[in-house]
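Report on the following structure.
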Number of protein chains: 2
Amino acid sequence: AIVEYLSAMASRDSLAGRRFVLTAGPTQEPLDPVRFLGNRSSGRMGFALAGALARAGADVDLVAGPVQLTTPPGVKRTDVQTAEEMLAAVLARLEGATGFIGVAAVADYRPVDVATHKIKKSDAVLELRLQPNPDILARVASDPRRPELVMGFAAETRDLETAARGKLAAKDLDLIAANRVGEGLAFDQPDNALEVFSADQCWTLPRQSKQLLAERLVDIIVETLDRHSTDARRS
Amino acid sequence: AIVEYLSAMASRDSLAGRRFVLTAGPTQEPLDPVRFLGNRSSGRMGFALAGALARAGADVDLVAGPVQLTTPPGVKRTDVQTAEEMLAAVLARLEGATGFIGVAAVADYRPVDVATHKIKKSDAVLELRLQPNPDILARVASDPRRPELVMGFAAETRDLETAARGKLAAKDLDLIAANRVGEGLAFDQPDNALEVFSADQCWTLPRQSKQLLAERLVDIIVETLDRHSTDARRS
């Protein structure tokens, strides 16, 4: 217990003076004033991580999609609806940030046309044309103001490690946390299990509350930043 | 105050021995294990009406889409996700019901194909094929077990009365409550304003809490049922 207490004390200020920009929750892409394309993200993982980073002493800017959650103490929150609004809010806060963590389940697609008035029902099959949304993680990782640490989340129904490592490399991320969707895990659940990958390391975080997972993720983030500075001193 | 108290007393048992089936909230139509087509209904109006009917002495079966709400006292609740599940739950409870009230914002369309695994993002425009969902209100109103009172809700961005009266006639409803979407009204708001239409009457309910609106709607429902029995005695 004493060791745990000391460890908690030590980590209380481990991110003091650093600022993190996080996204959390789903995005909603409107089809018309009433309907939208959405996804099952509750925002719990992102909000838990924002709170844990703030407890570790970091300044935290949280950009949140539509969720039913309370802002954790010490976290600055900005609410958005769509992927494009989320990207704009993130870019506006990127300058000088130590880390960007994309926890949000950003909608990959949005309707090509958004109707001003409610679409009337007909008996015919409707063709909805969708266009790709901006990739916020890839955009941040390739920005001239790229933070030192860029971390993504991936929800996969199969080939977890291959998919996660593929995204890590393709988007030039430092860390990716992958969770398996289904089997009662991940979306809209208080618990989750994660596999975290860097280019040359991995961490298995077994099923536990998203609050506890968030604490473990902060440890991994601190470790990764420490390693960056060690590497920098060596080179 | 005494008059209000007596009125409240009088209405406490005005629906005793009658059973109502209600739907509330949105439906969600899955595209894959993660994504869905949804809408902005919070379920508040339907839950308020279910509670008000129960306070008036009715038995209430509430079929609810995915919402973040507490079941009102005395209400039997069944949770569903899609329009097809909602229809099945309603039909299973229809026999012997005095009234059916469709407050849910049922998705008009669902994807033709539902992917078993998460759809991977590509840079191309995606064509999503949607097919019409069953019309729960029209289906109930044309059922051999049609309840004495069938009531719908309509959310419209324009031509409120024309659209509402059109639905009333086309779907063979007894009552329809119409609300204007936009201007901060209707969806995901604690307040609303309603126009209620029958074939030969209308009621304007100015902006007020959904709880108060629900009490007024119960009065209109009781009045409509009383009129039915008077008409029946006359004919």
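The values are calculated or read from the model by the stated rules, or taken from the named source; none is laboratory data. Since this is a predicted model, take the numbers as computed values, not measurements. Positions of Cβ are generated from backbone atoms using ideal geometry, with glycine treated the same way; all protein chains shown enter the neighbour counts. Ligands, DNA and RNA are stripped out before the accessible areas are found, and what is left, the full protein with its side chains, is counted by its heavy atoms. Shrake-Rupley method; radii C 1.70, N 1.55, O 1.52, S 1.80 Å.
Of the numbered conditions (1) within 14 Å of the chain's Cα centre (by Cα); (2) away from chain B (no Cβ under 11 Å), A:Ala169 fails exactly one; give the number of that condition.
(1)
Of all residues in region B:22-43, which are within 8 Å of another protein chain (Cβ to nearest Cβ) and in a strand (DSSP E or B)?
Scanning region B:22-43 gives B:Arg35, B:Phe36, B:Leu37, B:Gly38, B:Asn39.
Consider only pairs whose beta carbons are under 8 Å apart and that are at least six residues apart or on different chains; among these, list those whose first residue lies in region A:113-125 and is more than 7 Å from every other protein chain (Cβ to nearest Cβ) and more than 13 Å from A:Val34 (Cα to Cα) and whose second residue is open to solvent by less than 50 Å² (accessible area, probe 1.4 Å) and in a loop (DSSP other than H, G, I, E, B).
none
Just checking, how many residues over region A:79-112 are part of a strand (DSSP E or B), away from chain B (no Cβ under 14 Å) and either of a type in the set (A, V, I, L, M, F, W, C) or surrounded by fewer than 16 Cβ atoms within 10 Å (Cβ to Cβ) (or both)?
So the answer is 2.
B:Leu53: within 22 Å of B:Asp226 (Cα to Cα), away from every other protein chain (no Cβ under 12 Å) and modelled with pLDDT of 95 or more, yes or no?
Values: within 22 Å of B:Asp226 (Cα to Cα): yes; away from every other protein chain (no Cβ under 12 Å): yes; modelled with pLDDT of 95 or more: yes.
Yes.
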